[in-house]
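To start, the structure itself, in structure tokens.
The values are calculated or read from the model by the stated rules, or taken from the named source; none is laboratory data. These numbers come from a predicted model, not from an experiment. FYI the Cβ positions are ideal-geometry reconstructions off the backbone, even for glycines, and counts take in every protein chain you see. Heads up: the accessible areas ignore ligands, DNA and RNA and are worked out on the full protein's heavy atoms, side chains in. Shrake-Rupley method; radii C 1.70, N 1.55, O 1.52, S 1.80 Å.
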Amino acid sequence: DCNGSDFFKTYINDSIDLEKPIKIYFGGIFSVRKEAILSRSKSYYESLIQLFNTVNPECGHFMERSWYYIFNLHNQEVKMENTPIAEKLIKPEQSGKPEQSGKPDINKDYLVVICRYIEDTSWVSKLRIPYLIVNRGNPIIDKNCINLPNNRNLREADTILWYFINYYDSLPKHLIFL
């Protein structure tokens with residue numbers, strides 16, 4: 001059986017005061033830096049993904065509300081940028097301006113990971129940075145897509161954990177999950 005309080009105390013952080021408001025990222029939509037992911041071991045993510053072998057879908061819901069605490073181990077918050085991320089990601093319709101120097105190389109430093117089941121992904125061609133579609137739905141053809149089977153009780157969290165485990169040693173500096 002799985003309940004929110006037990007889940008947080010067992011798998012995330014046993015010192016979280018659940019009587020106070022908690023910080024959450026809804027679903028699988030968040031950005032995170034490489035060092036925050038690496039603050040936990042690969043075996044930690046492997047143990048979390050085993051929770052998805054259960055028939056209780058609530059574990060997936062609890063997992064999706066736990067990312068903040070997973071990435072902020074020992075209350076050391078990872079500082080996030082304040083620049084609206086959409087401004088960096090979407091190609092401008094028409095821009096005659098050259099790229100400015102001194103900014104991160106978004107072709108090497110950033111990756112958008114799209115956790116797909118049945119959602120439309122035609123919009124990804126407008127992204128200015130590399131993307132990877134991790135697809136659990138009907139197979140789609142896209143050079144930047146990995147089609148995985150959907151043979152378990154899955155949610156976005158399972159796909160995100162799968163990505164961490166399989167790319168743990170080759171993560172880009174910044175990941176954006178959609």
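Some values worked out for this structure:
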| quantity | calculated |
| --- | --- |
| Pick from region 116-141, criterion of a type in the set (Ser, Thr, Tyr) and closer than 22 Å to Pro172 by Cβ, ranking: nearest to the chain's Cα centre (by Cα) | Tyr131 |
| Enumeration of residues in region 1-39 that are open to solvent by less than 40 Å² (accessible area, probe 1.4 Å) and modelled with pLDDT of 90 or more | Val32, Ala36, Ile37 |
| Phe52 vs. criteria modelled with pLDDT under 85, more than 19 Å from Val134 (Cα to Cα) and open to solvent by less than 30 Å² (accessible area, probe 1.4 Å) | no |
| Residues of region 4-46 satisfying the condition of being hydroxyl-bearing (Ser, Thr, Tyr) and in contact (Cβ under 8 Å) with a residue 24 or more places away in the chain | Tyr11, Tyr25, Ser31, Ser39, Tyr45 |
